[in-house]
1. Can you tell me which residue is nearest to the chain's Cα centre (by Cα) among those in the range B:97-110 that are away from chain A (no Cβ under 13 Å) and within 23 Å of A:A68 (Cβ to Cβ)?
2. Which is in a helix (DSSP H, G or I) and under 17 Å from A:E41 (Cα atoms), of A:V145, A:V184, A:V162?
3. Report yes if some residue within the range A:95-114 is assigned to a helix (DSSP H, G or I) and out of contact with any helix residue (DSSP H, G or I) (no Cβ under 9 Å at 6 or more places or on another chain); otherwise report no.
4. Taking the range B:196-217, which residues are surrounded by 14 or more Cβ atoms within 10 Å (Cβ to Cβ) and part of a helix (DSSP H, G or I)?
5. Exactly one of (1) farther than 18 Å from B:L67 by Cβ; (2) in contact (Cβ under 8 Å) with a residue 40 or more places away in the chain is unmet by A:D86. Its number?
6. What residue, among those in the range A:148-159 that are touching a residue at least 12 places away in the same chain (Cβ under 8 Å) and not in a helix (DSSP H, G or I), is surrounded by the fewest Cβ atoms within 10 Å (Cβ to Cβ)?
7. Scan the range B:218-241 for residues that are more than 29 Å from B:D23 (Cα to Cα), aliphatic (A, V, I, L, M) and open to solvent by less than 50 Å² (accessible area, probe 1.4 Å) and report the count.
8. If I ask for residues that are among the charged types (D, E, K, R) and either within 13 Å of B:L48 (Cα to Cα) or modelled with pLDDT under 90 (or both), which ones from the range B:106-127 would you list?
Number of protein chains: 2
Amino acid sequence: MTDAAPDGRPASTAGETETLDADREYRQGAVDLLGVLAYGELSAFERLAEDGRLAPTLADKVHMATLASRQIDHFQRVRDRLADLDVDVMVAMQPFHAPFNSFHEYTKPKDWLEGLVKAYVGDGFANDFYREVAAFVDPETRALVYDVLSDQSHADYVVDKVRTAIEADRRVGGRLALWGRRLVGEALSQAQRVAAERDALTSLLTGTVDRPGMDLAAISRMFSRLIETHTERMSKLGLQA
Amino acid sequence: MTDAAPDGRPASTAGETETLDADREYRQGAVDLLGVLAYGELSAFERLAEDGRLAPTLADKVHMATLASRQIDHFQRVRDRLADLDVDVMVAMQPFHAPFNSFHEYTKPKDWLEGLVKAYVGDGFANDFYREVAAFVDPETRALVYDVLSDQSHADYVVDKVRTAIEADRRVGGRLALWGRRLVGEALSQAQRVAAERDALTSLLTGTVDRPGMDLAAISRMFSRLIETHTERMSKLGLQA
């Protein structure tokens, strides 16, 4: 099947190998995206379950527990997709333990309201980013990611609770605005860490020889979009971004 | 509609009122059973989520989170059944906050293994009791209760982990056997508190004028059954009851 090229190298094989490598990297990018999502869901479960303990009423507690358990439903769907791709979810999550754990360690909510803002603003930002990355993976993975991320039932609840708290005490707004900015700062710093360490994930965005990605201008536009929707979320809460 | 009886009392109305009262109490018994189950599921969610934080591996953590989220699925089904009966789950759970919270306060697991034993032995005992009570409620409620309680996926997992730990260190067996006995002692003491305060729940078991229940001999046989299956669970774990 392989004809020797004039220079003696089996030309078409070299070409195939490059494509295979690119394919492998492309696939690894999808696996990384699913891995980061899966670990994100698990972390969100833990955090929502813990924040639920600070809930002022039993109804709030039920709300948080319901949200937490929904993360596990999502986790299971992501795990199943990884299994379709012959990847163990535990292996796929491995690279993301450290950045997520650091993020959560540096952003421990001091009270119930900070927990709510973190769940809405922090997860909102992360989810927007996952959606951007998902544009570059295979259609089946993309559909799953969009579907899992479309679950926005938490938003109205948080907006209502936070706005009520700010109306009752104006100073709460200032404190939570600072908190929202810190959350995004920490999230960006951990995202940079992931980008530096996970070539496969990064090259989904930037593209490879065989597959076009975003150039620097496109990446900068992506960040503008992320900041814009973040600002929208903050203003829905009645907070300055 | 009401004929005066010879003694001047409106006889048939008195009879109807008694039946209505008995019906109301019967219905309240079902509502109490669903209420105690709902609050039990919520408490189990919190406890499993918290115990998951002590999990030695990420796979164990995923297992605990999955179990925790299943409690919320059960909770939602119980809540829906209560809604069918025109009862708000929050109201139905109210009488059971104090006994459950006391139980959990007095039986805080000191480590991962104690948490596992509590989830298996404590919940097993409570579930057997709910099943006994469910024999006396309406068929639809009974079917739901049996179905929710049939979810025993946790058992094999706990048995495996606990037996492995005992094989590695015999002293663990002695400590966990004591722990299992304490759990049942505390559970019985809280159950007595509930029985004393919730006439509707108690009279499901003991019956009313219009509806036969268990006599003392039957109640004593019920306790024998509960202790017997508790002993079976302990011995599956390799522990003396």
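1. Of everything passing the filter in the range B:97-110, B:F103 is nearest to the chain's Cα centre (by Cα).
2. The match here is A:V145.
3. We begin by selecting, within the range A:95-114, every residue assigned to a helix (DSSP H, G or I); these are A:95-106, A:112-114.
Add one more test, that the residue is out of contact with any helix residue (DSSP H, G or I) (no Cβ under 9 Å at 6 or more places or on another chain), and what stays is A:105.
Taking every residue of the range A:95-114 in turn, at least one turns out to be assigned to a helix (DSSP H, G or I) and out of contact with any helix residue (DSSP H, G or I) (no Cβ under 9 Å at 6 or more places or on another chain).
4. Listed by number, the residues that qualify are B:D199, B:A200, B:L201, B:T202, B:S203, B:L204, B:L205, B:T206.
5. Status for A:D86: all satisfied but (2).
6. Narrowing the range A:148-159 to residues touching a residue at least 12 places away in the same chain (Cβ under 8 Å): A:148-149, A:151, A:153-155, A:157-159.
Applying the additional criterion that residues be not in a helix (DSSP H, G or I) yields A:151, A:153.
Numbers: A:D151: 14, A:S153: 11.
Per the stated criteria, the residue is A:S153.
7. At the first step, the residues of the range B:218-241 found to be more than 29 Å from B:D23 (Cα to Cα) are B:224, B:227-241.
Narrowing the set further to residues that are aliphatic (A, V, I, L, M) leaves B:227, B:234, B:237, B:239, B:241.
Narrowing the set further to residues that are open to solvent by less than 50 Å² (accessible area, probe 1.4 Å) leaves B:234, B:237, B:239.
Summing the residues that are more than 29 Å from B:D23 (Cα to Cα), aliphatic (A, V, I, L, M) and open to solvent by less than 50 Å² (accessible area, probe 1.4 Å) in the range B:218-241 gives 3.
8. Step one: list which residues in the range B:106-127 are among the charged types (D, E, K, R), which gives B:108, B:110-111, B:114, B:118, B:123.
Answer for the range B:106-127, where residues must be among the charged types (D, E, K, R) and either within 13 Å of B:L48 (Cα to Cα) or modelled with pLDDT under 90 (or both): B:K108, B:D111, B:E114, B:K118, B:D123.
The values are calculated or read from the model by the stated rules, or taken from the named source; none is laboratory data. Source: prediction; values computed, not measured. Neighbour counts are summed over all protein chains in view; Cβ atoms, including those assigned to glycine, are modelled from backbone coordinates with ideal geometry. Ligands, DNA and RNA are stripped out before the accessible areas are found, and what is left, the full protein with its side chains, is counted by its heavy atoms. Shrake-Rupley method; radii C 1.70, N 1.55, O 1.52, S 1.80 Å.
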